[in-house]
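Student: Below: one structure in structure tokens.
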Amino acid sequence: MLLKLFQRFQVSQTLLAFAVITALLFAYMGEVFGVAGIVGSYVAGLMLSLTPHRGEMSHKVETFSYPFFVPLFFANIGLNANFREINPEIILFSILLAVVAILSKLFWLCVGGKSRQV
């Protein structure tokens, strides 16, 4: 019902605008009622998934949110990080884990490439 009302406005991306406004409104209301904003946004997503426009709305929100909200999320995580409290052993382990991951990826890439050669 609200979506039909919203479609009357002169907005080029009605579904996207409705989904983003709904998610932000529910996030705000979640904070007002004492739960995390992310819980309110999740409830908004559950509610919007019940509409017949689920697929189109999901595609448009993903296209909009990944280049906009994901960098903000990681910037926030980076701002809250305190490198003085990180144990040097963890840094060494992280570097070793990254090297092993890259080498194993390259190894299986070569194995897969050789198995495809005819």
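The values are calculated or read from the model by the stated rules, or taken from the named source; none is laboratory data. All of these numbers come straight from a predicted model, not from anything done at the bench. Reconstructed Cβ throughout: ideal geometry from the backbone, glycine too, with neighbour counts over all protein chains shown.
Student: When residues of region 39-62 are filtered for being surrounded by 11 or more Cβ atoms within 10 Å (Cβ to Cβ) and assigned to a helix (DSSP H, G or I), how many remain?
Tutor: 16
Student: Surrounded by 10 or more Cβ atoms within 10 Å (Cβ to Cβ), assigned to a helix (DSSP H, G or I) and modelled with pLDDT under 90: is that true of SER115 in this structure? Outline the logic, then answer.
Tutor: Numbers: surrounded by 10 or more Cβ atoms within 10 Å (Cβ to Cβ): no; assigned to a helix (DSSP H, G or I): yes; modelled with pLDDT under 90: yes.
So SER115 fails the test.
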